[in-house]
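Shown below is the structure under consideration.
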Amino acid sequence: QVQLVESGGGLVQAGGSLRLSCAASGRPFSRYAMGWFRQAPGKEREFVAGIGHSGASTYYADFVKGRFTISRDNAKNTVYLQMNSLKFEDTAVYYCAADGSLQAILTGTRDYWGQGTQVTVSS
């Protein structure tokens, strides 16, 4: 079992940047692939970015490629999402997720979820 706590959300103008953090506790962090998802009001939750257990493998949704970067620091039990060139349509609650593999993050059940952090992008 792992517990995930997101932080770093807030209000930012379009074109600005935010860095989200997800701190993990419980089972060894390095055993898990990690991912970021987001959900806007009235919309389905969607995949944003994923990273393998070592950080060597990453995968991004097309709508964030070139703008967002996922990374992890296993020594700090933390995964990050650096968000640059933010757009209004990036406004959503962003959730951190953990699972046993990157493939599971991409297509599986995602065993663990954080509580979410709100990102609001204004014009």
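Are there any pairs with C-beta distances below 7 angstrom linking a residue in the stretch 28-44 that is β-branched (Val, Ile, Thr) to a residue that is surrounded by 13 or more Cβ atoms within 10 Å (Cβ to Cβ), with the two at least 6 apart or on different chains, and if so which?
Nothing qualifies.
Within the stretch 18-40, restricting attention to residues that are part of a helix (DSSP H, G or I) and open to solvent by 20 Å² or more (accessible area, probe 1.4 Å), which residue is nearest to residue 105 (Cα to Cα)?
Here is the first cut: in the stretch 18-40, the ones part of a helix (DSSP H, G or I) are 29-31.
With the extra rule that they be open to solvent by 20 Å² or more (accessible area, probe 1.4 Å), the set shrinks to 30-31.
Working: 30: 15, 31: 13 Å.
That would be 31.
Go through (1) open to solvent by less than 30 Å² (accessible area, probe 1.4 Å); (2) over 17 Å from residue 3 (Cβ atoms); (3) in contact with a helix residue (DSSP H, G or I) (Cβ under 7 Å, 6 or more places away or on another chain) and name the single condition residue 57 misses.
(1)
Kindly indicate whether residue 50 is within 15 Å of residue 9 (Cα to Cα), surrounded by 18 or more Cβ atoms within 10 Å (Cβ to Cβ) and in contact with a Leu (Cβ under 9 Å, 6 or more places away or on another chain).
Details: within 15 Å of residue 9 (Cα to Cα): no; surrounded by 18 or more Cβ atoms within 10 Å (Cβ to Cβ): yes; in contact with a Leu (Cβ under 9 Å, 6 or more places away or on another chain): yes.
No; evaluated as a whole, the condition is false for this residue.
Does residue 101 satisfy the criteria of being modelled with pLDDT of 95 or more and either over 14 Å from the mean Cα position of the chain (by Cα) or hydroxyl-bearing (Ser, Thr, Tyr) (or both)?
Considered against the rule, which asks whether it is modelled with pLDDT of 95 or more and either over 14 Å from the mean Cα position of the chain (by Cα) or hydroxyl-bearing (Ser, Thr, Tyr) (or both), residue 101 comes out as no.
Is there any pair with a first residue in the stretch 97-123 that is over 16 Å from residue 18 (Cβ atoms) and a second that is polar (S, T, N, Q) and surrounded by fewer than 14 Cβ atoms within 10 Å (Cβ to Cβ) whose Cβ atoms are under 7 Å apart and which are 6 or more apart or on different chains, and what are they?
Here the result reads 102/57, each pair linking the stretch 97-123 to a residue that is polar (S, T, N, Q) and surrounded by fewer than 14 Cβ atoms within 10 Å (Cβ to Cβ).
Out of all the residues in the stretch 61-88, which are crowded, with 20+ Cβ neighbours inside 10 Å and either small (Gly, Ala, Ser) or over 24 Å from residue 24 (Cβ atoms) (or both)?
86
Restricting attention to the stretch 90-98, does a residue exist that is open to solvent by 50 Å² or more (accessible area, probe 1.4 Å) and more than 12 Å from the chain's Cα centre (by Cα)?
No, there is no match, as no residue in the stretch 90-98 is open to solvent by 50 Å² or more (accessible area, probe 1.4 Å) and more than 12 Å from the chain's Cα centre (by Cα).
The values are calculated or read from the model by the stated rules, or taken from the named source; none is laboratory data. Everything quoted here is computed from the prediction, not taken from an experiment. Methodologically, a virtual Cβ is constructed for each residue, glycine included, from the backbone with ideal geometry; neighbour enumeration extends over all protein chains shown. Only protein heavy atoms, including side chains, enter the accessible area calculation; ligands, DNA and RNA are left aside. Shrake-Rupley method; radii C 1.70, N 1.55, O 1.52, S 1.80 Å.
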